[in-house]
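The values are calculated or read from the model by the stated rules, or taken from the named source; none is laboratory data. A quick note: this is a predicted structure, and the numbers were derived from the prediction, not measured. Cβ sites come from the backbone with ideal geometry, for glycine too, and all protein chains shown count toward neighbours.
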Amino acid sequence: DTEVTQTPKHLVMGMTNKKSLKCEQHMGHRAMYWYKQKAKKPPELMFVYSYEKLSINESVPSRFSPECPNSSLLNLHLHALQPEDSALYLCASSQEQVKNIQYFGAGTRLSVL
Amino acid sequence: GQNIDQPTEMTATEGAIVQINCTYQTSGFNGLFWYQQHAGEAPTFLSYNVLDGLEEKGRFSSFLSRSKGYSYLLLKELQMKDSASYLCAVERGYQKVTFGTGTKLQVIP
């Protein structure tokens, strides 16, 4: 099983809403990632969790708040987003010691109105 | 800054061979990945190079020259399903992966 599951698949929210994106993997991977991908652009790294601790924050605005409740789950809490935050949000996981090959979920397509 | 450049678009014929180039200038280098991404889908892993040379995996091969900051992905016996974007990605530090601009490949009959 090399599956990374993301929910919801689509999300529409207003600028005053609070919502959360969820990501789950059962491959025993200890590193999990959030990426943002705008249309026709490559994915951009946002956050990395390693052994359930935040190891990398690529200077992401505080309106995005990641959380890793356990080794299989990764959340991204959204609050007071801007229309320019509309994008595809991808979650990935990797097995730490093996080439760091990342397995991606199908993503959540977010629209901020 | 990090620069990872690829051609924006390429077109090739079914059954042919195509080479997609990637040049990079990054602060740090641990390895280079190639991913395939079909429209509206997640990237999927194709290959990984850390040492200079050619890695072959079925119809796909990837080459790396660290001294030249250069890699290419070679796709043989092209099939229509190979129409996708191909992303070069550099692991420039532990867990820090930066993706290139991506190459959209169209395979025509």
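Mind checking whether some residue in segment A:62-80 is touching a residue at least 40 places away in the same chain (Cβ under 8 Å), within 23 Å of residue A:16 (Cα to Cα) and over 15 Å from the mean Cα position of the chain (by Cα)?
Within segment A:62-80, one or more residues are touching a residue at least 40 places away in the same chain (Cβ under 8 Å), within 23 Å of residue A:16 (Cα to Cα) and over 15 Å from the mean Cα position of the chain (by Cα).
List pairs: first residue in segment A:38-54 and more than 8 Å from chain B (Cβ to nearest Cβ) and farther than 20 Å from residue B:9 by Cα, second residue of a type in the set (A, V, I, L, M) and in a loop (DSSP other than H, G, I, E, B) anywhere in the structure, Cβ distance under 6 angstrom, at least six positions apart or on different chains.
The qualifying pairs are A:46/A:60.
How many residues are in a loop (DSSP other than H, G, I, E, B) and in contact (Cβ under 8 Å) with a residue 40 or more places away in the chain when one looks only at segment A:90-100? Steps first, answer last, please.
Of segment A:90-100, the ones in a loop (DSSP other than H, G, I, E, B) are A:95-100.
Pick out the ones that are also in contact (Cβ under 8 Å) with a residue 40 or more places away in the chain and you get A:95-96, A:100.
Of the residues in segment A:90-100, 3 are in a loop (DSSP other than H, G, I, E, B) and in contact (Cβ under 8 Å) with a residue 40 or more places away in the chain.
Mind listing whichever residues of segment B:28-38 are within 10 Å of chain A (Cβ to nearest Cβ) and more than 18 Å from residue A:4 (Cα to Cα)? Steps first, please.
Taking segment B:28-38 first, the residues within 10 Å of chain A (Cβ to nearest Cβ) are B:30-31, B:33, B:35, B:37.
The answer is B:30, B:31, B:33.
May I ask you to verify whether residue A:103 is in a strand (DSSP E or B) and at pLDDT below 95? Can you show your working first?
Values: in a strand (DSSP E or B): yes; at pLDDT below 95: yes.
So residue A:103 passes the test.
Just the residues that are polar (S, T, N, Q), within 11 Å of chain A (Cβ to nearest Cβ) and either surrounded by 20 or more Cβ atoms within 10 Å (Cβ to Cβ) or under 16 Å from residue B:5 (Cβ atoms) (or both), please, taken from segment B:52-109.
Of all residues in segment B:52-109, those polar (S, T, N, Q) come to B:61-62, B:65, B:67, B:71, B:79, B:83, B:85, B:95, B:98, B:101, B:103, B:106.
Filter again for within 11 Å of chain A (Cβ to nearest Cβ), leaving B:85, B:95, B:98, B:101, B:103.
Hits for segment B:52-109 are B:85, B:98, B:101, B:103.
Within segment A:25-33, is even one residue under 23 Å from residue B:30 (Cβ atoms) and aromatic (Phe, Trp, Tyr)? Can you show your working first?
Filtering segment A:25-33 down to residues under 23 Å from residue B:30 (Cβ atoms) leaves A:25, A:27-33.
Then keep just the ones that are aromatic (Phe, Trp, Tyr); that gives A:33.
Yes, that holds for at least one residue.
Residue B:42: within 10 Å of chain A (Cβ to nearest Cβ), under 23 Å from residue A:92 (Cβ atoms) and touching a residue at least 60 places away in the same chain (Cβ under 8 Å), yes or no?
Details: within 10 Å of chain A (Cβ to nearest Cβ): yes; under 23 Å from residue A:92 (Cβ atoms): yes; touching a residue at least 60 places away in the same chain (Cβ under 8 Å): no.
Here the answer is no, as residue B:42 does not meet what is asked.
Are any residues in segment A:82-113 of a type in the set (Lys, Arg) and more than 8 Å from chain B (Cβ to nearest Cβ), and if so, which ones? Talk me through it step by step, then tell me what you get.
To start, the set of residues in segment A:82-113 that are of a type in the set (Lys, Arg) comprises A:99, A:109.
Selection gives A:109 alone.
Answer with yes or no whether residue B:24 is at pLDDT 95 or above, assigned to a strand (DSSP E or B) and touching a Pro at 6+ places or on another chain (Cβ under 6 Å). Reasoning before the result, please.
Details: at pLDDT 95 or above: yes; assigned to a strand (DSSP E or B): yes; touching a Pro at 6+ places or on another chain (Cβ under 6 Å): no.
No, not satisfied.
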